[in-house]
Amino acid sequence: MMHKFLCLVFWLPLVLSAQEQARTQQADNFIYDGNEAFDASNSTEAEKNYRRALATGEKKEIAQYNMGTTLQQDLYVEEALRAYTDAAKTITERPNKHRTFHNIGNALMQIKDYKGAVEAYKNALRNNPNDDETRYNYALAKKMLEDDNQNQEDNEDQQDNQDQKENQDNQDQKDQDKEGDQDQDKNGENGENGENDKENDKEKDSDSEDNENENDQKESDKENKEQQGDNKNEQQQPQGQPSQLSPQQVQNLLEAMNNEEKKVQDKVNAKKVKPAGTKSKKDW
């Protein structure tokens, strides 16, 4: 019984090692086939083989890195970034870390994440500071980041200026509307005052005409009274005794009658040519 147990303990590590070696060999085969398909520009077959290699649990960092390269070449940048990130977690060799972070930087440049690209190239240079291509890409990413920040600041300034202009235009429009309302109110008040002035002018003209008519009536009454007085004097004379007037008295009487008639005619003519009430002029 003890002999059988010792045999089991002895053979178990060998079996496990053999299985691991088999999986490793299988992973190597899938990776090889994937590389062949990649070189033949058959990205679909290449990705399929890399996924098969991942399923073995062996050579995972190589399979993930290669799959990321395939996806990046087909412009599946987001998926490629996930594959590179997973590979970077398990890769320990500095050259492989350098290549992985270099490719991460390239993928981030494709999606215009310049800040992330700068950091990725930094990590790549930490693992291989002598790579000229990585140093160039790092400088380019920094320049693109600076330009992007400058463009963003310019756009913000332009937006601020646009907002200020719109606010000023709105304020100017409000001021114009307010002035228009004030002018309208002022015109309304002036219109009411104008109407009152018109009424006052009409009343003044009416009063003036009434006074003139009253004066004319008084003059007419006075003339009638004088005429009645003359008639009364004539009537008071005895009928059998006609009035005896000298030639001079007759001449004076005629002149007096002509003068009275002339006064009456002048008044009539003056009344005809009198203008209507003049409206007072106002400065608006």
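Coordinate-derived values only; no laboratory data. What you see is a predicted model, and the numbers here were worked out from it, not measured in a lab. We place every Cβ from the backbone using ideal geometry, glycine too, and count neighbours over all the protein chains shown.
Once the Cα-Cα distance is subtracted from the 0.36 nm per residue extended length, the Asp147 to Asn35 segment shows a gain of 36.5 nm. A simple spin-label model places pseudo-atoms 7 Å from Cα toward Cβ; at Leu140 and Gln176 they are separated by 5.2 nm. Multiplying the residue separation of Asn259 and Ile111 by 0.36 nm and removing their Cα-Cα distance gives an extension gain of 41.4 nm. For Arg94, the shell of other residues with beta-carbons less than 14 Å away shows a net charge of 0, using +1 for Lys and Arg and -1 for Asp and Glu. For Asn155 and Ser17, the difference between the fully extended length at 0.36 nm per residue and the C-alpha to C-alpha distance is 43.4 nm. Computed on the stretch 15-91, the Cα convex hull volume stands at 68 Å³ per residue.
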